[in-house]
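Quick notes on the structure that follows.
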Amino acid sequence: MGHWFSRNILEPGKLPMLLALTSFVVTFLVTRTVTRLIRAGRGPFRNVSSGGLHIHHVVPGVVLTVLGGFGAVASGRHGFGACAFAVVFGIGAGLVLDEFALILHLDDVYWSEEGRQSVEVVVLTAALMLLPLSGFSPLGVDDVTAEERQDRVSFVLTLALNFLFILVTLAKGKLRMGLLGVFVPFLAIVGAVRLARPGSWWWRHLYRRRHRARARGTVRAYRHDKRWTRLRRRVQDLIGGFQERVPGRGPTPPS
């Protein structure tokens, strides 16, 4: 185990990334636990206010993210400084993305239906950070051999083709598959060849006269959402606590 950790984490300089990911996930979980206790009126925790103004935890999160980001750039990938700033950055990012929905909607939607977007973004971010730690490289660089790297034309064409698949996937309204396709090119290829989701850029501009494709895409999107939305909401409820009961009030409706 020690040899694997040294070879795959320490030598490539991935320790700061591992520390950033760990602090990011731990901060998010701790923050969600504290906010759920505050909402339920349990424990010693209370909202932070100044002069009647509620201070959201995204505020210290932005400060820590900026401090950790600039510090990490200045300190490189090795040494105590890089690890310390990586932890600071991870903590700040966890605080910021826990209130991603607030930033997106410019409204306090933490416990509302829109607030689920924060949990989804955190899970997706953690997955994207975990992939390079596991050995995946962006845009399929792992799949290029040493001989192909010497041939710059082949190397550039491979990157360009993978990047094109990612753009098509995103244009078809498949954000998660497109982002994950940066590290796993096969996912971007699947997303690029499948039908676009209703309402996406590809759907609006390239399916105007393709009525059969619009009908098939609508049915496929409905079946996909029916199959996965319930499961995704249960996971979001488990992580984010959206369906928890507040003492004396029953289930809290979306605000």
- What are the pairs, 6+ residues apart or on separate chains, where a residue within region 9-30 that is more than 29 Å from GLY43 (Cα to Cα) has its Cβ under 8 Å from a residue that is aromatic (Phe, Trp, Tyr)? PRO16/PHE85
- Query: What's the number of the condition VAL144 fails, among (1) modelled with pLDDT of 60 or more; (2) surrounded by fewer than 18 Cβ atoms within 10 Å (Cβ to Cβ)?
  - Reply: (1)
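Let's see how each residue does on (1) in contact with an Asp or Glu (Cβ under 9 Å, 6 or more places away or on another chain); (2) under 30 Å from ASP108 (Cα atoms); (3) open to solvent by less than 50 Å² (accessible area, probe 1.4 Å):
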position	(1), (2), (3)
GLY13	no, no, yes
LEU21	no, yes, yes
ILE55	no, yes, no
GLY76	no, no, yes
- Task: Taking ARG36 as meeting all but one of (1) in contact (Cβ under 8 Å) with a residue 60 or more places away in the chain; (2) open to solvent by 50 Å² or more (accessible area, probe 1.4 Å); (3) within 21 Å of the chain's Cα centre (by Cα), write down the number of the exception.
- Result: (3)
- Among (1) of a type in the set (Val, Ile, Thr); (2) surrounded by fewer than 17 Cβ atoms within 10 Å (Cβ to Cβ); (3) within 19 Å of LEU131 (Cα to Cα), which single condition is VAL182 missing? (2)
- Query: Which one is surrounded by the fewest Cβ atoms within 10 Å (Cβ to Cβ) among residues in region 233-255 that are at pLDDT 80 or above and of a type in the set (Lys, Arg)?
  - Reply: ARG234
- Item | Scan of region 166-178 for residues that are crowded, with 19+ Cβ neighbours inside 10 Å and within 17 Å of LEU128 (Cβ to Cβ), ordered by number | ILE166, THR169, LEU170, LYS174, MET177, GLY178
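The values are calculated or read from the model by the stated rules, or taken from the named source; none is laboratory data. Because the structure is predicted, anything quoted here is derived from the model rather than measured. We place every Cβ from the backbone using ideal geometry, glycine too, and count neighbours over all the protein chains shown. Only protein heavy atoms, including side chains, enter the accessible area calculation; ligands, DNA and RNA are left aside. Shrake-Rupley method; radii C 1.70, N 1.55, O 1.52, S 1.80 Å.
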